[in-house]
Amino acid sequence: MDKKIIIGLQIFILLISVTTIQYFFNDVNDSNVSPIIPEYSISVQDSNEVWHNFSEEPKRIAIANTYAATVMRMLGVDPSVVVGVSGDFYDEELWPEYVDKKQIQRSAHSEIDFEALIDTRPEVYIVFATNGMVDTKAIRMKLEPIGIKVIALDFYKYDSLRDEINVTAKLFGKEIERDALFDEFERIENDISKRISLLNYSERPRIVMEHHASLTRDPVVLTGTSQWTDIIERAGGINVFKDLPGHTTHVDMEKIISQNPDYMMFDGITFDIGFNSYDNEGISCDEHLDFIRGRVGFEHMNAVKNNSMMIMSGEFAGPMMIHGLPTLAKMLHPELFDDLDAEAYLIDYFSKYHNIDKKGKFVCKTMVVD
């Protein structure tokens, strides 16, 4: 047979083989069935239902958000594996091990500096899975072809927090630490749920939870798919707008007034509150709450008349959410939690997992809580 024909057939067979293998991996990667690939000892599925396979624990990762770093700390993952971070790690007191890491983007929500990212030579880039300000799919399309695995994990939704912690634990061989952490979660949750179970449904306060975007436009409320609804319900409250579509949605002022909520809560992520922050910069809590009181018709609402409004720092909607659950539960039901030291859970969280004393203002409120 002609040598050219033989070579042509060999190339054809090779192309068919490569195409078949590529199809197999793509098909498995997008399925809900774990791929069984002998040479890979670690297989994890992220929150976009994408599978990632490793022959060993990754040694070089890039992270853009502090939630991922927090979970790594909670599991005792060696921070030396992190080779690139975002500007969100600006607090040198809280994140001293990341001070000298290369910055790959300004914040978890900003554009990636792909040149800086590639310079760090990461095996893995951990990114938000469902955050509306992060185009996870586009990031994956840019990085996966050059050999950087994009693992999508949020760490800010109650119903997926354990699954995402489990992914991280499997990735870094921290299953024992994971089990101890989950045991702690269960103890806290059980203490809260036992007391909340004493309530009738009619005794649960009705709550409107507003997004920080409400500062500059018509009210934006958080719905049932938001990270806050699970927290509100486990703390013994009712999100009155949980059945609206979307993660957040605009509502008319009149709609909030007609609901006449017992409490109004606000996402404090853009306020100067949280660890090592004391409400000294930007729009203060008092200015914001005065703004809410000044909305036409709001002076007649129970939440405003009874001074039942609070702004909660972003930590409460991150990996700290379970340790923060007693704080919200006690604010909503002081009579059920009179003997519970909610502050102790937060102090323990920072001491145990961050090896630092809790400091800063984490809640702004107009109510008086014993």
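The values are calculated or read from the model by the stated rules, or taken from the named source; none is laboratory data. None of the values given here were measured: they were computed from a predicted structure. Virtual Cβ from ideal backbone geometry, glycine too; neighbours counted across all protein chains shown.
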Given ALA317, ALA344, which one is of a type in the set (Gly, Ala, Ser) and under 20 Å from ASN239 (Cα atoms)?
ALA317
May I ask you to verify whether ILE165 is more than 19 Å from THR229 (Cα to Cα), among the aliphatic types (A, V, I, L, M), assigned to a helix (DSSP H, G or I) and touching a Lys or Arg at 6+ places or on another chain (Cβ under 9 Å)?
yes
Can you tell which of ILE256, ILE292, ILE311, ILE269 is outside any loop (DSSP other than H, G, I, E, B) and closer than 28 Å to PHE155 by Cβ?
ILE311
Test result for ALA342, within 21 Å of LYS194 (Cα to Cα), in contact with a Ser or Thr (Cβ under 8 Å, 6 or more places away or on another chain) and either surrounded by 15 or more Cβ atoms within 10 Å (Cβ to Cβ) or free of Cβ contacts under 8 Å to residues at least 24 places away in the same chain (or both)
yes
Answer from ILE273, ILE257, ILE232 - the residue that is over 22 Å from LEU325 (Cα atoms), modelled with pLDDT of 95 or more and not basic (Lys, Arg)
ILE257
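Check region 249-265 and report whether any residue there is in contact with a Leu (Cβ under 8 Å, 6 or more places away or on another chain), surrounded by 22 or more Cβ atoms within 10 Å (Cβ to Cβ) and within 29 Å of TYR349 (Cα to Cα).
Yes, that holds for at least one residue.
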Quick check on this structure: which one of ILE273, ILE322 is assigned by TED's automatic domain parsing to the domain that holds VAL251, in contact with a Lys or Arg (Cβ under 6 Å, 6 or more places away or on another chain) and closer than 30 Å to ASP88 by Cα?
ILE273
Only residues in region 36-65 that are among the basic types (Lys, Arg) count as the first member; pair them with residues that are in a loop (DSSP other than H, G, I, E, B) and surrounded by fewer than 19 Cβ atoms within 10 Å (Cβ to Cβ), Cβ under 9 angstrom, at least 6 apart or cross-chain, and list the lot.
LYS59/GLU123; ARG60/ARG121; ARG60/GLU123
